[in-house]
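Notes follow once the structure below has been shown.
Computed from the coordinates by the stated procedures, all read-outs in this text should not be read as laboratory data. Small disclaimer: the values here were computed from a predicted structure and weren't measured. Don't worry about glycine lacking a Cβ; one is built from the backbone with ideal geometry, like all the others, and counts go over all protein chains shown.
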Amino acid sequence: MKKPSAKIRDEIAKLQEQLKIAETREAERIGRIALKAGLGDIEIDEAELQAAFDQLSRRFRGGQGATTGGKGAAGTSGATSTTTVASGPNAGRTGEA
């Protein structure tokens, strides 16, 4: 039996509200982590920051982000690699004194 369009609209509205709540929760989590890492203190263009987050996302999703061990190194040899991320007032600045 087909659902009436009104019922489908109600379900969509409920799902949109759930999505909004989930996105807010995720944004708050990422925001807290970013502040702890010192990202709130640096002056960086929003587009550049978005590009850095995109690269970080690809790295953790197994894409082509920056890694220290080469292609496919994560999890293949049992070795652990670390990447140092600078924080503080001069983090992300190049060539300025």
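Of note:
- The range 16-48 residues near the modelled Phe60 label - backbone nitrogen below 17 Å, point 7 Å along Cα→Cβ: 22-40
- Options Leu19, Ala37, Phe60, ranked by Cα towards positive dipole end of the range 5-60, top entry (Cβ charges): Leu19
- Maximal additional length on extending the Asp10-Asp45 stretch stands at 8.6 nm, based on 0.36 nm per residue less the C-alpha distance.
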